[in-house]
Amino acid sequence: MSMTDSKWIEVTLADAARLNPDVLQEGDLQPFAMKQDDRGRCVCLDADNRCSIYEDRPTICRTVQMGDSVCLTSLAAIV
């Protein structure tokens, strides 16, 4: 599964079990997804667009490579 399969950043059950429930919502393709703010940004991004849970980020976030199409699409949504 990729982030582009859904409008949400879906997370695995294993990820959901270790993440703070306050950052999760119901997913489309998976049971859980990362919450988004009113601009559609992940609630774990800080004011500088850096991941505030980087060490514990979900598996899907670990697979994104800086500069790939998923990264560029995500950046376009927050600029």
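Laboratory data are not the source of any read-out in this text; all were calculated from the coordinates shown. Note that the coordinates shown come from a computational prediction; the quantities given were computed from them, not determined experimentally. Cβ coordinates were reconstructed from backbone atoms using ideal geometry, including for glycine residues, and neighbour counts include every protein chain displayed.
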Label-point separation, D68 to E55 (7 Å along Cα→Cβ), nm: 2.5
Summed residue charge, Cβ within 13 Å of F32's Cβ, Lys/Arg positive, Asp/Glu negative: -3
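Work the Kirkwood hydrodynamic radius out for the range 6-58: mean of 1/r over every pair of different alpha-carbon atoms, inverted, in Å.
On the way: mean 1/r = 0.0896 Å⁻¹.
The answer is 11.2 Å.
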